[in-house]
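Engineer: Sharing a structure, written as structure tokens. Questions coming.
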């Protein structure tokens, strides 16, 4: 029993550091390097850095900009303009509203874009010229023959549509505030007349 107690006491002394008294450092031991003078300090920005200009974020053509198209081609830049993207032309309220409702938009796989390189307002806008109407989704036949359309965020509630600077823009109905056609008061009667005109089953 005494031997067990002595062995336990020796182990406890070793774990407590008693056995480290006779320990020697390794042959390749080197003292750690001194900390740099500015360690542990957080310095504020220099006066010359307070006037740094952070450019506005780059505007992409829409929510499909990071997805590959079917043929996996990149954007086709048809023009480069050194102006902000919002000066591409005239903002059309009617077409913008129709785009937000999903009735007027550039197809997602349309690769044609115009690049805007101004210091403020850099971005890409999808473009649908008159010669490429197959790239246009126009459910309400709002497109005009010789107009070119510029789209930002096509397919999103934040969509915006510009037309050429020389084109006329169409205003929204101030009372309805939408591009949807007015309700047809005779729609119900026309529907009933259509149902009544269907052939009836023989009794």
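The values are calculated or read from the model by the stated rules, or taken from the named source; none is laboratory data. Everything numeric in this text was worked out from a predicted model, so none of it was measured. Glycine gets a Cβ as well: all are built from the backbone with ideal geometry, and neighbour counts include every protein chain shown.
Engineer: Out of the residues in the stretch 79-120 that are assigned to a helix (DSSP H, G or I) and in contact with a strand residue (DSSP E or B) (Cβ under 7 Å, 6 or more places away or on another chain), state the one that is surrounded by the fewest Cβ atoms within 10 Å (Cβ to Cβ).
Structural biologist: So the first thing to find is which residues in the stretch 79-120 are assigned to a helix (DSSP H, G or I), and the list is 85-87, 93-100.
Pick out the ones that are also in contact with a strand residue (DSSP E or B) (Cβ under 7 Å, 6 or more places away or on another chain) and you get 85, 95-96, 98-99.
On the way: 85: 24, 95: 27, 96: 21, 98: 25, 99: 28.
Taking the candidates together, the pick is 96.
Engineer: Is it the case that the stretch 19-41 has a residue that's outside any loop (DSSP other than H, G, I, E, B), at pLDDT below 70, exposed (fewer than 12 other Cβ atoms within 10 Å of the Cβ) and in contact with a helix residue (DSSP H, G or I) (Cβ under 9 Å, 6 or more places away or on another chain)?
Structural biologist: Going residue by residue through the stretch 19-41, those that are outside any loop (DSSP other than H, G, I, E, B) are 19-20.
From the residues that got through so far, the ones that are at pLDDT below 70 too are 19-20.
Checking the rest, the ones that are also exposed (fewer than 12 other Cβ atoms within 10 Å of the Cβ) come to 20.
Those left that are additionally in contact with a helix residue (DSSP H, G or I) (Cβ under 9 Å, 6 or more places away or on another chain): 20.
Taking every residue of the stretch 19-41 in turn, at least one turns out to be outside any loop (DSSP other than H, G, I, E, B), at pLDDT below 70, exposed (fewer than 12 other Cβ atoms within 10 Å of the Cβ) and in contact with a helix residue (DSSP H, G or I) (Cβ under 9 Å, 6 or more places away or on another chain).
Engineer: For the stretch 150-176, what are the residues that are under 27 Å from the mean Cα position of the chain (by Cα), modelled with pLDDT under 85 and either loosely packed, with under 13 Cβ neighbours inside 10 Å or not in a loop (DSSP other than H, G, I, E, B) (or both)?
Structural biologist: Answer for the stretch 150-176, where residues must be under 27 Å from the mean Cα position of the chain (by Cα), modelled with pLDDT under 85 and either loosely packed, with under 13 Cβ neighbours inside 10 Å or not in a loop (DSSP other than H, G, I, E, B) (or both): just 165.
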